[in-house]
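Below is one structure, written out as structure tokens, with a few remarks after it.
The values are calculated or read from the model by the stated rules, or taken from the named source; none is laboratory data. Computed from a predicted model, the values in this text were never measured in an experiment. Cβ placement follows ideal geometry from the backbone for every residue including glycine, while neighbour counts extend to all protein chains displayed. Accessible surface areas use protein heavy atoms only, side chains included; no ligands, DNA or RNA. Shrake-Rupley method; radii C 1.70, N 1.55, O 1.52, S 1.80 Å.
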Amino acid sequence: MRRRAVPRDGAAPVKASQSAEVDVWAPVTTEPEFGGVIGTAFLTVMIVLVVLLVTHKDWLSFPFLDGKLPDLLVDPVAYVRRAATPVGFGLPVAWWVMHAVLHIILPAEQVLGAELATGHRLPYRINGFSCVVASLAIAAAWHVCAINSWYDLTPGVSLHWLAEPGSVEQLAFGTLVLCVIKSTWLYAASFQGRRLLAAPGNSGSPSYDWFMGRELNPRVRLPLGLGVIDLKFFNELRPGMSAWLVLALAPVLKHLDATGALQAAAEGRVADGVRPEILAVAAMQLVYVLDSVLFERAILTTIDIIMDGFGFMLCAGDLAWVPFTFSLQTRFMVQAGTPLPAWQWAAALAVGTAGYLVFRLSNLQKDQFKRDMDAPAVAGLATIPPRDEPPRANGGRLLAGGWWAASRHINYLGDWLLGLSWCLLTGFQHPVPYLYAAYFAVLLVHRERRDDHKCAAKYGEHWAAYCRAVPCHIVPGLY
Ligand code: NDP
């Protein structure tokens, strides 16, 4: 494999000739993911259908066991006439553009990503935390202006509007259409010039490659020297995760208003009727999102960034699936949920707290080990190969002690338990709020298999030895 000079922004150098170099820039998909063309077509339909169904104005009758199907399924034209609105398209575009502006103007730490097959490393601006906090502050300011009619740029559109069942469906429909347009543009752009392609998304089948993402690191250079936006990295956390928070917190605000809790708090009283389980889900989701952007640089070594292209899967996953399906719990609790007994919400809260601790502490331990394996916090932990032997495989040394002796992806278990607790806090009245736990279990098992494959290729005999020493994939003693 020949290595080439480092081009700007991942674009190919002007001259390209040798076939050996083509392999580096355009690796071909050898093992299609997700069941290939048919599987990814099915997933495309499922992503669109599930997002539209759980945001439908009559979503609480889902899964439609009463036999009354929504107009989305029986009369799609009527549905589109209602859901396709200027605000449904305009608000997601405005939110995305606002995040892009914040990404460019707020101070950032510049870090280099993992080494690419071409031998170069791309620079990334790490300022997700300040961008997400600033976007939430702007949403709050916009809400205060809207409800006081101080400066009504978008008449009637406040956080109260977002808590209405009919509003979310407009935003979900608009966002999905925008994701289809964006993925199609990305697919077409991947043929212009010579770009570094993603191995999982270069099969030659247009529909499969459109879904998986053909180009590995699509980047846009802004005019006037304003900088570069790495589209996959930018979309991974910021606009979607912050939109999730806004959509999850809007019904909570409605609940606090309805119970007079804010007024009471201003007067130093505690209002009756405030439901702790609603506040608990809101608080945990707030912590989860802020945690993910606080540790934003960790995504630079994830499969999404180093292996996958940016296609419909990540585009719709980041911008539609995350905000509209992850915000189900608070929407459900405020629209239809009934109060939980104290023991039930306290037990669910304990599951969530335990999950968060496992998730965060295990990830911190691995990060610490990667930065400095002799740091006091990890110096005593077992490694493969042992510390007194030099590593023989490419990847170096694996951590086989501490959290990483319990299972090979103990961090996934913690993440799943945290998500499960949000579902448990809705009670047992309706299956739809449990969508997150079900989907996430499937995602994590599939992700674990992909990561296992990647690590086996990278670490070779050391990974095999780690698998023998730590046989459980995710759940200690069970799986
Ligand atoms: P990990 O953070 O666990 O990273 C896996 C990588 O860590 C491996 O590829 C390998 O990379 C390294 N590694 C694995 N085991 C060891 C070991 N024993 N010693 C040293 N290094 C090891 O997984 P992900 O990137 O998949 O996920 C990151 C987080 O994001 C997870 O906590 C996950 O739960 C969460 N997540 C949440 C989603 C959601 O929808 N809420 C979706 C997807 C992920 P290397 O080659 O660098 O050594």
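Answer with yes or no whether residue 429 is assigned to a helix (DSSP H, G or I), among the polar types (S, T, N, Q) and more than 9 Å from the ligand (Cβ to nearest atom).
Spelling it out, it is not the case that residue 429 is assigned to a helix (DSSP H, G or I), among the polar types (S, T, N, Q) and more than 9 Å from the ligand (Cβ to nearest atom).
Could you tell me which of the residues 133, 144, 220 is over 24 Å from residue 86 (Cβ atoms) and either outside the structural domain of residue 320 (by TED's automatic domain parsing) or at pLDDT below 95 (or both)?
Sole residue among the options that is over 24 Å from residue 86 (Cβ atoms) and either outside the structural domain of residue 320 (by TED's automatic domain parsing) or at pLDDT below 95 (or both): 220.
With 247, 237 as the choices, which residue is within 16 Å of the ligand (Cβ to nearest atom) and modelled with pLDDT under 95?
Going through 247, 237 in turn, the sole match is 237.
How many residues are within 11 Å of the ligand (Cβ to nearest atom) and open to solvent by 10 Å² or more (accessible area, probe 1.4 Å) if we restrict to segment 411-426?
Within segment 411-426, residues that are within 11 Å of the ligand (Cβ to nearest atom) and open to solvent by 10 Å² or more (accessible area, probe 1.4 Å) number 6.
Among residues belonging to segment 272-308 that are more than 16 Å from the ligand (Cβ to nearest atom) and either farther than 23 Å from residue 427 by Cβ or open to solvent by less than 20 Å² (accessible area, probe 1.4 Å) (or both), point out the one that is farthest from the chain's Cα centre (by Cα).
The qualifying residue farthest from the chain's Cα centre (by Cα) is 277.
Of the conditions (1) in a helix (DSSP H, G or I); (2) modelled with pLDDT of 95 or more; (3) not assigned by TED's automatic domain parsing to the domain that holds residue 259, residue 369 clears all except one; give me its number.
Going through (1) in a helix (DSSP H, G or I); (2) modelled with pLDDT of 95 or more; (3) not assigned by TED's automatic domain parsing to the domain that holds residue 259 one by one, residue 369 breaks only (2).
Report yes if residue 346 is more than 9 Å from the ligand (Cβ to nearest atom), part of a helix (DSSP H, G or I) and over 21 Å from residue 297 (Cα atoms), otherwise no.
It is true that residue 346 is more than 9 Å from the ligand (Cβ to nearest atom), part of a helix (DSSP H, G or I) and over 21 Å from residue 297 (Cα atoms).
For the structure I just gave you, tell me whether residue 336 is under 26 Å from residue 91 (Cα atoms) and either within 14 Å of the ligand (Cβ to nearest atom) or in contact (Cβ under 8 Å) with a residue 40 or more places away in the chain (or both).
Here the answer is no, as residue 336 does not meet what is asked.
Of the numbered conditions (1) in contact (Cβ under 8 Å) with a residue 40 or more places away in the chain; (2) more than 16 Å from the ligand (Cβ to nearest atom); (3) crowded, with 18+ Cβ neighbours inside 10 Å, residue 227 satisfies every one except a single condition; which is it?
(3) is the only condition that residue 227 fails.
Hey, can you tell me all the residues within segment 432-466 that are in contact (Cβ under 8 Å) with a residue 40 or more places away in the chain, more than 10 Å from the ligand (Cβ to nearest atom) and crowded, with 17+ Cβ neighbours inside 10 Å?
Listed by number, the residues that qualify are 432, 433, 435.
From the list 378, 351, pick out the single residue that is open to solvent by less than 50 Å² (accessible area, probe 1.4 Å) and either under 16 Å from the mean Cα position of the chain (by Cα) or modelled with pLDDT of 95 or more (or both).
351
Given (1) closer than 24 Å to residue 243 by Cβ; (2) among the small types (Gly, Ala, Ser); (3) open to solvent by 40 Å² or more (accessible area, probe 1.4 Å), identify the lone condition not met by residue 149.
(1)
Does residue 396 satisfy the criteria of being within 16 Å of the ligand (Cβ to nearest atom) and either of a type outside the set (D, E, K, R) or part of a helix (DSSP H, G or I) (or both)?
yes
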